[in-house]
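So the structure is just underneath, and the comments pick up after that.
The values are calculated or read from the model by the stated rules, or taken from the named source; none is laboratory data. Here the structure is a predicted model, which means the values were calculated and not measured. Note: ideal-geometry Cβ built from the backbone for every residue, glycine included; neighbour counts use all protein chains shown. Ligands, DNA and RNA are stripped out before the accessible areas are found, and what is left, the full protein with its side chains, is counted by its heavy atoms. Shrake-Rupley method; radii C 1.70, N 1.55, O 1.52, S 1.80 Å.
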Amino acid sequence: MDIMSTENVCRDFPSGRRKVRVLYDVSLKVEEGSLTVLRGRSGSGKTTLLNIMSGLDDPTSGRVFFADREFSAMAPALRDVIRARQMGFVFQAVALIPTMSAYENVEFMLRIAGKKADRARVLECLDKVGLSKRVEHFPAELSGGEQQRVAIARAMVHRPRVIFADEPTAELDSAMGMSVMKLFRTAVEEGTTVVMTTHDTNIMELADMIYTLEDGRVTDVRRGGEGL
Amino acid sequence: MFKLVLRKMLNNKWMVACLLIGSILAVAMVGSIPMYADSVLEEMIHEDLYAYQEQSEDKNYYPAYAGKYLVRRQFSASAESGAEEIEQTSARIAGYVRQLGLDTLSHTTHLVINSVTLVPDEKSFASVNKMTEFHAFSGLNDNIELLYGRLPSSAVTDGVLEVVISRAAERAMDLIMGDTLTVKGTPLGSAIKAVRVVGVFNYKDNRNGYWYGSTSALDKAFVADYDAMTTYCVEREMCVRRVEWMYALRYAQIDLGNIGAVLGTYSYQITEMTKAGNLTFDIPAYNVLVQYVSRETELNIMLLVLQIPILIMLAFYIYMVSKLIVEFDKNEISVLKSRGCRRGQIFTLYLLQSGVISLIALLIGPFLARAACGVLGSSDGFLSFGGAPIRPAVHLKALLYCLAAAVLGVVTMLVPVVPASRTDIVILKRKKARGSGKPLWKKLYLDFILIAVSCYGIYVYGTRQNSVSAGAGSTPIEPLLYLISSLFTLGVALLMLRFYPYLVNSVFKAGEKRWSPVMYSTLTTVARQKGREQFLVIFLIFTITFGLFSASAARTIDKTMVNNVNYYYGAEYSVRGMWYDLTGGVTSGEPANDSTQGYQPLNMEKYTSVNGLYNATKVFRRYGVKLWVGSTFNITADLIATEPAKIYKTLNMPTDTQRTVTTKELCDALAADDHGTLISRAMANAYGLRVGDTFEYTYGSLMKQKLNVVGIFDYWPQYDPLSANNILMIINYDTLAGLANFRLMPYEIWYSRDKSVSTDEIRASFKELGLTLVWEKDAVAELQQRANDVKFRGTNGALTLGFIVIMVVSVMGFIIYWVLSIKSRVLQFGVLRAMGLTGGKVMRMLIGEQIFLSGFAIDVGIVLGTAVSRLFVPLIQLAYTNPTPPQSVLLLAGDYGRLFICIGLMLGVGLSVIGWLISRINVTAAIKLGEE
Ligand SMILES: Nc1ncnc2c1ncn2[C@@H]1O[C@H](COP(=O)(O)OP(=O)(O)OP(=O)(O)O)[C@@H](O)[C@H]1O
Ligand SMILES: [Mg+2]
């Protein structure tokens, strides 16, 4: 069953007086409990597409569905609630709250999602990303990779239906990147849907579905393990 | 290079604008000091000189002129070379006057000739048989008007000298025009044998100071033609007794530019004339100006000191904003450096930027300063502008002050540039990651140091105050005290800031599990964020503390001044009439202490019917009264005898200041017992007297009288408990007057006053009733005069101005803080929004932060402001006026209200800006921001 899909999504950005089209008629489907990868060169429109799929941004034309409901038809407040409860985010920019410790950053997501501050769950997630020894550190006291891993823990802690991850492995070495991918894989086995972008070819074997974007168009769709 | 600077400034346009406003304010504040001082002082010179003139005005004649330059020389009858010497002295004095460089309004050489015995011819009824003086004035003809007759001729024909006489002389000497009198002997020289009156004149009031002194000398004298006198009496025979050279100078020409030179010349000439020995002089302006110069210094110091805290705040503000700009530019600086830009070049870049800002400030500042002077001058109370506005000229001195402020501004702006231009990109990144550690003031324990220093200051001031005791007058320590209070405020504010994070953290910990995401985020931010918010907290604390302090200082000083005047005047209006002794003689002075002479009773009926005055009460004083208390005798005390039932209504004592009973109760007790007495606390303590005790007294020829102590007072008008003469008793006047050996002696009369009747009307009423007064004391007029005092106005104005500037700076600081805080956290807000926190919640989070920071600062400010007021205002008050009886520190609800309105406005503006900024945050763009 598809948890979300896009239909002929176009996105224009104003550039000076003209408009620049970044996405051209993108249509894709994401199956629930799968790991979907959006790959493409820098500037191909991956982040833009991810933002539209997660309801952070609206398409210029075309439609976006999440759990059979159209995003553009929803009230903004409802979208906020859906994002808080059913989605987790890992941003391309490491975006931890600087005044909260690693633990608090993760726990804060639970609070936003309206769940109980469950210490065991928070520690479990931090442990999964290999940071059980960095719990009380503040972002400024963590390396870039460590910060990224906190962000991943934060994206999973409230057991969302979908995790959107924008280049989650960019800051990590290949071994660490692999272990993060495995983390996502485990989450997928547990029923979570993961949509991520990357330009790292190594990690794609773990994907279920791979969409290739080139200059805002989907130029290639294939199943994971089919090879490139 | 310059293009680059302008581009950079445009990039940071808001911050640059804030910096510019701060610089303009600083320049204006500094510039307003000399501008205000000079314009007020300029006014003051003339006012002082004019006041001298008014106060010495003899209503019957012509005013004593403040620009008088009068030199006298006496001659002995036998002097041989008189004519020549007069000539020389004339030249010398003319030279002196030229040296001063002031215009001469009028000038006269006044000759006084030996007294002459005259014999009237048979036809005349003249009563001139005594010695009579002859006078001659150069330039006389233009300054008299002839009532009849003609001006005297300059020639002596047939041995007859022609003279004119004044209207008064005509009456006094029973002369009429045409009368001829024979000169006995040759006191006027051999040529003059007789004198003929050819005219009668009145003084012409040209308002030029020509009639410089009392004209009463001419009431019984002849005025001859000046040339005739010179020719016949001076050159031929030396019979001049005295010559007076009088120059009426245009004192309005004395201003701040030439006062130094004029004073120097005066003092040089005075020394020279004193050395000469035979000259005496009367230059009233000299003393007035000398006094004025010391007042000038005092005013300048006071204004500067009152503004120092504000200037410090402005400097602080400029430094902070400049530092923020540099921080914003850090990346750019690093890039420039990696492209091979040298440190000096980066420094020059900022030098140019601050130069441009200061230049603009310098262009606008002086005009704002001029406006600020309006505030300073028209202020007749704190935040009240009832006085006459001042529109001073923008002169060189003020511009120099502005320039100095601008240069200092440039330096302040450059301070944060030095370390920034040194760092390269590697250090910068590391710094960014690790946070920049403890701020300097925390490491230096600046808060503790400031508090310690200011406490020491209070201690030193306290001990000095005890040794100086009352009447400190206007010692220049009060400015210092003001500084100490600012340091204290800053110290406590910093201390609060040191403990603030712990406080918030404990709130955070207290409910860690329960906090909503909004509260959670707010608390962690407030507790852990380092840096900028300290700027805000200090600003707010300072604003509120300073606001409250300024208000209460100004109010209390105002009130104390009023109280002081009232205390020392006792009644709203009091007079001492002219008394006639039993032989009919007039006494204006007080009779000697041991005098037993009696006086004719005063016509009290007339004194009680003066227009505008009522409750006439007799107040009789006697010093050195002898007492017997128990077995102790030979005690001396001061005595006041009055009418207790009436005096209570007349007394204009501040608030009831007696410690145990009210003044009314005391007066009632005295009224109830004819032989009762009220004694001073000091007297009670010195002789162990208590209510109900008795003692005996006597003075003059009075028999020993027994008195019952019916009350003890702490304060009574004019009574100073700290003085040496603090043994004072108050008794019933009527009982005293009824005693067998009582001699009536002059007493004062105290009145209540109908405020709608002017002082002039009251005076006119006294005159109409035929009552001559030795003196009159008008508390209302005194109050008005004191309120107009420059120092007073300046204090209120400077406090008001400071308050306004601090408010403006705080609002700006507040907005800058929030704008930057939001801008630097756009990414974070974007993430929070993406994570599903609604825009409203993000807004609430920021409001929460605001409440925690500003709320804390406001609370501290209110508590600290009240504390600083209670601590420092009494000391300042003491320095400004002599606080007997003490006035408690005034904190008016209205002032709190006004302050809260200002703060509310500030928060309102801040919140609107936040709302506007938040609504503009675009989530995807925000997230993008962090991508590089
Ligand atoms: N807010 C915006 N305004 C204008 N242009 C934009 C905006 N956001 C993205 N673009 C443009 O859209 C194109 C696609 O951007 P996007 O961020 O989606 O690329 P990407 O595939 O994520 O690249 P990367 O791998 O570097 O992150 C780029 O050319 C970018 O310049
Ligand atoms: Mg991207």
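Rank A:LYS182, B:LYS767 by accessible area, highest first, at a 1.4 Å probe radius?
Working: A:LYS182 120, B:LYS767 155 Å².
Solvent-accessible surface, decreasing: B:LYS767, A:LYS182.
Once C-alpha pairs closer than 8 Å and six or more residues apart are averaged by separation and normalised to the residue number of the range A:54-176, the relative contact order reads 34 percent. Each part gets one Cα centre, and for the range A:162-216 versus the range B:787-810 those centres are 67 Å apart.
Per-residue surface analysis assigns B:ARG898 an accessible area of about 100 Å², computed on protein heavy atoms at 1.4 Å probe radius. Is the shape of the range B:711-811 rounded, prolate or oblate, going by the alpha carbon gyration tensor and its root eigenvalues a ≥ b ≥ c, with a/c under 1.5 for rounded and a/b larger than b/c for prolate? It is oblate, given that a/c is not under 1.5 and a/b is not larger than b/c. Need one number: % antiparallel among DSSP beta bridges in the protein assembly as shown, to the nearest 5. Of the beta bridges lying entirely in the protein assembly as shown, close to 70 percent run antiparallel. The charge dipole of the protein assembly as shown, taken about the Cα centre with unit charges on the Cβ atoms of Lys, Arg (+1) and Asp, Glu (-1), comes to about 5460 debye, rounded to the nearest 20.
Please work out the FRET efficiency for the pair B:VAL774 and B:THR636, using the Cβ-Cβ distance as r and a Förster radius of 25 Å; give the result to the nearest 0.05.
Values: r = 26 Å, r/R0 = 1.03.
E between B:VAL774 and B:THR636, to the nearest 0.05, is 0.45.
Protection proxy ranking, highest mean first, for peptides B:336-347, B:481-492: B:481-492, B:336-347, where packing is the per-residue count of other beta-carbon atoms within 10 Å, averaged. For the range B:579-771, please report how many Lys pairs fall under 24 Å Cα to Cα, leaving out neighbours fewer than 8 apart on the same chain. Eligible lysine pairs with Cα atoms under 24 Å apart amount to 23.
Could you run the numbers on buried accessible area between B and A, total for both chains, 1.4 angstrom probe, in Å² to the nearest 100? What B and A bury together is about 2500 Å². Computed with a 1.4 Å probe on the full set of protein chains, the accessible area for B:LYS275 sits at about 150 Å².
Under Stokes-Einstein, with the Kirkwood radius over Cα pairs as Rh, the value for the protein assembly as shown at 37 °C and 0.692 mPa s is 85 µm²/s.
Residues B:MET1, B:MET729, sorted by accessible area with the largest first, give B:MET1, B:MET729 [1.4 Å probe; ligands and nucleic acids excluded]. Cross-link partners among lysines for B:LYS791, C-alpha distance below 22 Å, same-chain residues fewer than 8 apart left out? In chain and number order, the partners are B:LYS397, B:LYS559.
For the range A:55-160, the list of GluC sites (Glu not before Pro) that fall in a loop by DSSP and count at most 10 other C-beta atoms within 10 angstrom reads A:GLU136. Within the same chain, lysines fewer than 8 places from B:LYS443 are excluded, and of the rest, those with a Cα less than 21 Å from its Cα are B:LYS323, B:LYS431, B:LYS432, B:LYS530.
Heavy-atom accessible surface, probe 1.4 Å, ligands and DNA/RNA ignored: which residues of the range A:61-86 lose at least 50 Å² versus the isolated chain? Correct list: A:ASP80. What's the long-distance tail for the range B:579-771, i.e. % of Cα pairs beyond 21 Å? Result for the distance tail: 54 percent. Protein heavy-atom accessible surface, 1.4 Å probe, per residue over the protein assembly as shown: 43 Å².
When you filter the GluC sites (Glu not before Pro) in the range A:167-228 for DSSP loop state and at most 15 other Cβ atoms inside 10 Å of their Cβ, you are left with A:GLU190, A:GLU226. Based on Cα atoms of the range B:68-249, Rg over Rh with Rh as the Kirkwood radius reads 0.97. The number of Lys pairs in the range B:68-249 with C-alpha atoms less than 22 Å apart, excluding pairs fewer than 8 positions apart on the same chain, is 11.
Here the accessible area is traced with a 1.4 Å probe on the protein chains. For the range A:93-228, carbon and sulfur cover 47 percent of it. By the combined test of axial Cα extent (at least 18 Å) and Kyte-Doolittle hydropathy (mean at least -0.5), the qualifying DSSP H helices of chain A come to A:144-156, A:174-189. Residues of the range B:820-834 that lose at least 50 Å² of accessible area (1.4 Å probe, protein heavy atoms only) when the other protein chains are present, relative to their chain alone, are B:GLN828, B:VAL831, B:ALA834. Taking amide H as placed 1.01 Å from N in the peptide plane, the amide H of B:SER106 sits under 5 Å from that of B:ALA248, each at least 5 places away or on another chain.
For the segment A:41-48, counting C-beta atoms of other chains within 10 Å of every residue's C-beta and taking the mean gives 1.
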